[in-house]
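The next block holds one structure in the form of structure tokens; read it before the comments.
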Amino acid sequence: MAVITISRQFGAGGRTIGQMVAKSLGYTFVGDEIVEMIAAKAKVSKNWVASMEKEAGGKWLRFTSTLVSKGLVDRVLGGERGDIDEKVYVDLLHQVLNRLADEGDAVILGRGGQYILKDRPNVFHLLLIDQIENRIKFLQARYDMSLPLATKAVQNEDR
């Protein structure tokens, strides 16, 4: 029972290669499902977790939490809503990735798996990088993007 983590530059084919490796080994491929697992554990929407991930260091979450008090949100939404902040997110991410590693036979895409699982036995880490021109060509071919759109996507993600 092994686990493979894949870190990658945007457009380097991490998802494509990860899915191919998982299929050929009979492993489970886990990518965006991690967001769903965290959202379920935190009792928040997967969109909330995804948007929080997009904001470097949770800046958006810290900003919004200064605008509206947690007490007001709890009164309006009731007790059914979960709570998630940067620390809770990181804790849940550790729980989810370690559970996946315990189960084994998985290819995990991104989300810091190479750091969180760095000391675990039978976990192998891949880093996929490529020249910007090749990443743009990959996006054009794989996702049928125009040259300007693929270029902008790679440049935005690299930023």
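The values are calculated or read from the model by the stated rules, or taken from the named source; none is laboratory data. Remember, predicted model here, so these are calculated numbers, not experimental data. Glycine also receives a Cβ, built like all others from the backbone with ideal geometry; neighbour counts cover every protein chain displayed. We work out accessible area using only protein heavy atoms, side chains counted, and drop any ligands, DNA or RNA first. Shrake-Rupley method; radii C 1.70, N 1.55, O 1.52, S 1.80 Å.
Numerical summary
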{"read-out": "The range 92-122: number of residues that are among the basic types (Lys, Arg) and without any contact (Cβ under 8 Å) to a residue 60 or more places away in the chain", "value": "2"}
{"read-out": "GLY18 vs. criteria at pLDDT below 90 and in a helix (DSSP H, G or I)", "value": "no"}
{"read-out": "Residue under evaluation LEU25, criteria (1) at pLDDT 85 or above; (2) under 25 Å from ALA150 (Cα atoms); (3) open to solvent by 40 Å² or more (accessible area, probe 1.4 Å), criterion not met", "value": "(2)"}
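Listed here are the residues, each with its yes/no results for (1) at pLDDT below 85; (2) farther than 23 Å from LYS118 by Cα; (3) assigned to a helix (DSSP H, G or I).
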position: GLY11; (1), (2), (3): no, yes, no
position: VAL44; (1), (2), (3): yes, yes, no
position: VAL49; (1), (2), (3): yes, yes, yes
position: TRP60; (1), (2), (3): yes, yes, yes
position: THR64; (1), (2), (3): yes, yes, yes
position: VAL73; (1), (2), (3): yes, yes, yes
position: LEU97; (1), (2), (3): no, no, yes
position: ALA101; (1), (2), (3): no, no, yes
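Residue by residue, here is whether (1) open to solvent by less than 100 Å² (accessible area, probe 1.4 Å); (2) touching a Phe, Trp or Tyr at 6+ places or on another chain (Cβ under 8 Å); (3) at pLDDT below 85; (4) hydrophobic (A, V, I, L, M, F, W, C) holds:
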residue: VAL76; (1), (2), (3), (4): no, no, yes, yes
residue: GLU86; (1), (2), (3), (4): yes, no, yes, no
residue: VAL90; (1), (2), (3), (4): yes, no, yes, yes
residue: GLY112; (1), (2), (3), (4): yes, no, no, no
residue: PHE124; (1), (2), (3), (4): no, no, no, yes
residue: GLU133; (1), (2), (3), (4): no, no, no, no
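Per-residue answers, yes or no, for (1) among the hydrophobic types (A, V, I, L, M, F, W, C); (2) in contact with a strand residue (DSSP E or B) (Cβ under 7 Å, 6 or more places away or on another chain):
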position	(1), (2)
VAL96	yes, no
ASP119	no, no
ASN122	no, yes
PRO148	no, no
GLU157	no, no
